[in-house]
Amino acid sequence: MFLKNEPEITPELVKAHGLKPEEYDRFVALIGRTPTITELGIVSAMWNEHCSYKSSKIHLKTLPTKGKRVVYGPGENAGVVDIGDGMVVAFKMESHNHPSYIEPYQGATTGVGGILRDVFTMGARPIACLNALRFGEPDHPKTRHLVSGVVAGIGGYGNSFGVPTVAGQVGFHPRYNGNILVNAMAVGVAKREMIFTSKATGVGMPIVYLGSKTGRDGIHGATMASAEFDDKSEEKRPTVQVGDPFAEKLLLEACLEIMAKGCVIAIQDMGAAGLTCSAVEMGAKGDLGIELDLDKVPCREEGMSAYEMMLSESQERMLMVLHPHKEAEARAIFVKWGLDFAVIGHTTDTLRFVIKHGGDVKADLPIKELGDEAPEYDRPWSEPKKRFAIRKGDVPAPISNAEALLKLLGSPDLCSKRWVWEQYDHLILGNTVQQPGGDAAVIRIEDGPKGLATTCDVTPRYVEADPFEGGKQAVAECWRNLCAVGAEPIALTDNLNFGNPERPEIMGQFVMAIRGIGEAARRLDFPVVSGNVSLYNETNGQGILPTPTIGGVGLLEDVTKSASLAFKNVGDAIVLIGETKGWLGASAYLATICGHEEGAPPPVDLDHEFHHGIIVRQLIERGMVTAVHDLSDGGLAIGLAEMAMAGNLGAMIQDFDPEMPKNALFFGEDQARYLVTCDGSTAAQIEHHLNEAGVPAKFIGVVGGNTLNLPGEAPILVDELKSAHENWLPGFMAQAAE
């Protein structure tokens, strides 16, 4: 039945496919014979880390994934959450780290394209994109090139596709020198009855190939994403896919149209591992077999083999199980949009995955076992060593606090990222209520008044110092940012970026971060509905900082009541909510001003986070506050400066804790804190109300003037704050490439 001209399956060939000897032996035992080259390619795709989650799945199962609003949790292309009025929101975050390091523009574009497809495959129309980016130290010779390429790629795809990019993160650290992070998130909305899944049903149903033609780009992309880099990573450039946002826009409209016409039984994005993964998942979920005839696959290159077609990661493609009587109608829709539509197979009752090409059977595999029998590892792990807490009085102040504030505002991590987000169209579709630069973006749903808030957060310094507390803090900060604009946090997605899980210390970081994320998500009633794991993020044995990015979505019943961080009115009182202890361990002050990253990160009290968030949302809903800002990186002084710059108004701050060292008071990163402003006559009422509720609140100053006046420091002009904050990134990117 099988061709005899197949290449010999040698240990070297198996290793080149990313399979360990024991994994290959497991596969041979499963099928009872030596595989064909196509079958080897298929199993290498299905059993790699990127697709099978073989090192992480036992830990991911501990995360809370259910809630009163959750419609679909992990396991589908995107999580789906009910937002009332018969509407749902679908969202997910995924990584494109390895491709973006090799070829930053195409790596970033196809990362955006892939996550958009995940959302509209569910039947949801995308309304917003976000991203979280991590680059190496600014002095590294590749950093500027990578920043430029990635940002251009994100903007080039999102702007052309026509969805606003509304929020994100950009950070720099030497640990990302050899392995940057590009995490992309997309959010879409749909009517609840119009959500589609990837579960195939019915025997003999036609399987349809939709979208762009198949080429040789991206072959072994998923395998490459499951391997650490070395000095020869540049040679992997051919594995990076090439994106076409205009084709994807056509694909979006065509897919939503055939969905509305009732043509679709099941639909699946061809993402990682392309045709292989999409076909296997559709069949296995429906307890059906799949038979494909690759002679019918639209190809843009001559002489493609079955192996190449099954592993190609060419972009802008979908696989669909179609209602047979709707074939002509569906085909007409795709022809109208200028896209390929080809019936390439059918469902069977055999539970086999059969691939035919040129009249020969190239693969015949048990379909469910391809997923169910994938290796699952409980890898050895060691609990990270605890760092000592740093007492606030033990941190010297090498420069004045005013100088420290300006230096922090102009540091790579805390500087304005305007240079980045101004290259993104954040206003297209006309529903962006709050643009990038605030605590969370706010997007109106259709004509309103309902809207969504969305953000993504993580502080890798904290996770490196204590993965458990750092995981908790990432969820808590995401929660705070949503609460700060007045949104009810309803669900989250995650992108778990770590190094080599085969090293116990790295696996320990992963396990403890998952535990922290899970504890926070449970206490805050903030379920995890989708996500992605990206492992082996290291080069020559040097791992990245552990970076579990958390993307959150919140619901606003009326976007006109959302809060922003900008100071609004002269004379407004400034109230600090939450307890200030002056925690400087693992802080931005310690790293940037003192030049070392030491100490335990600030502890996260989830009860405080929960209650303080509810209180802040109540103040916003009742119209009692004029501005709101959560406090995180850089502490109180950075928060005040950001509010002053956003509103172009200064403030006079009083010394509300004379006993505390001023660098700890201004730059400590205690959690569960917010700054709010209000009419002066309301300040005492708010302070009393919060203190009665057991929530610490202090009047600390008044808005006004053109300077920020910190106690004991020379006044700083708001224009001087802006200059420090706005100039670093444009200046860095304007330098001649080395």
Gyration tensor (Cα) of segment 590-657, equivalent ellipsoid semi-axes in angstrom: 25, 20, 10
Mean Kyte hydropathy of 0.5 or more with a Cα span along the axis of at least 15 Å, helices from DSSP in the chain: 245-260, 274-285, 635-647
Among beta bridges that DSSP assigns inside segment 85-192, antiparallel share in %, nearest 5: 70
Built amide H within the under 5 Å cut-off of R216, gap 5+: none
Theoretical gain in end-to-end length, R192 to T34 [0.36 nm per residue, Cα-Cα removed]: 52.2 nm
Descending semi-axes in whole angstrom, ellipsoid equivalent of segment 463-509, from the Cα gyration tensor: 28, 11, 6
Model label zone, K68; criterion: amide N under 17 Å from point 7 Å along Cα-to-beta-carbon; scope segment 549-567: 554-557
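So if we plug the beta-carbon distance of E579 and E301 into 1/(1 + (r/R0)^6) with R0 = 45 Å, what FRET efficiency do we get, rounded to 0.05?
0.10
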Dipole magnitude of segment 543-669, debye to nearest 20 (Cβ charges: Lys/Arg +1, Asp/Glu -1, about Cα centre): 340
Probe 1.4 Å, protein heavy atoms only - accessible area per residue of segment 1-77 in square angstrom: 51
Cβ-Cβ FRET estimate between S400 and E422, R0 fixed at 25 Å, reported to 0.05: 0.20
Kirkwood Rh and Cα Rg combined as Rg over Rh, evaluated for segment 518-659: 1.00
Rounded if a/c under 1.5, otherwise prolate or oblate - the chain, Cα gyration tensor axes: prolate
Per-selection Kirkwood Rh - segment 428-528 (Cα, Å, 1 d.p.): 14.7
Gained length - E329 relative to F246, 0.36 nm times residue gap less alpha-carbon distance: 27.6 nm
Contour minus Cα-Cα distance for N706 and D657 (0.36 nm per residue): 15.2 nm
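About the Cα centre of segment 63-189, how large is the charge dipole given +1 on each Lys and Arg Cβ and -1 on each Asp and Glu Cβ? Please answer in debye to the nearest 20.
Dipole size: approximately 140 debye.
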Cα-Cα over 28 Å, subset of K386/K722; K54/K285; K20/K362; K57/K285; K61/K386: K386/K722
Stokes-Einstein diffusion coefficient of segment 138-203, Kirkwood radius over Cα pairs, 4 °C, 1.567 mPa s, in µm²/s: 84
Charged-residue dipole, Cβ positions (Lys, Arg, Asp, Glu), the chain about Cα centre, Debye nearest 20: 800
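At a Förster distance of 22 Å, what's the computed FRET efficiency of R387 paired with K61, Cβ-Cβ distance as r, to 0.05?
With R0 = 22 Å, the Cβ-Cβ based efficiency is 0.15.
Counting alpha carbon pairs within less than 8 Å and at least 6 residues apart, what relative contact order, in whole percent, applies to segment 1-103?
It rounds to 13 percent for segment 1-103.
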Helical mean residue ellipticity (222 nm; -39500 (n - 2.57) per DSSP H run of 4+; nearest 500) of the chain: -10500 deg cm²/dmol
Share of carbon and sulfur in the accessible heavy-atom surface of segment 268-410 [1.4 Å probe, %]: 51
Segment 251-329, Rg to Rh (Cα coordinates; Rh as Kirkwood inverse mean 1/r): 0.97
Solvent-accessible heavy-atom area per residue, rounded to whole Å², over segment 565-690 at 1.4 Å: 32
Gyration tensor (Cα) of segment 1-115, equivalent ellipsoid semi-axes in angstrom: 36, 20, 14
Carbon and sulfur %, accessible surface of segment 467-531 computed with the full protein complex present, 1.4 Å: 44
Antiparallel bridge percentage (DSSP; both residues within segment 279-402; nearest 5): 70
Segment 46-122 - percent of accessible surface contributed by carbon and sulfur, probe 1.4 Å: 51
Label-to-label distance, nm, for residues given as K261 and S681 (7 Å Cα→Cβ offset): 6.3
Estimated inter-spin distance, H611 and V361, nm [label 7 Å along Cα→Cβ]: 6.7
1.4 Å probe accessible area per residue over segment 436-529, in Å²: 20
Contact order relative to length of the chain, as percent, for alpha carbon pairs under 8 angstrom and 6 or more apart: 15
Highest-first arrangement of 304-314, 438-448, where packing means the average Cβ count within 10 Å: 304-314, 438-448
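The values are calculated or read from the model by the stated rules, or taken from the named source; none is laboratory data. All values reported here derive from a predicted model rather than from experimental measurement. Note: ideal-geometry Cβ built from the backbone for every residue, glycine included; neighbour counts use all protein chains shown. Ligands, DNA and RNA are stripped out before the accessible areas are found, and what is left, the full protein with its side chains, is counted by its heavy atoms. Shrake-Rupley method; radii C 1.70, N 1.55, O 1.52, S 1.80 Å.
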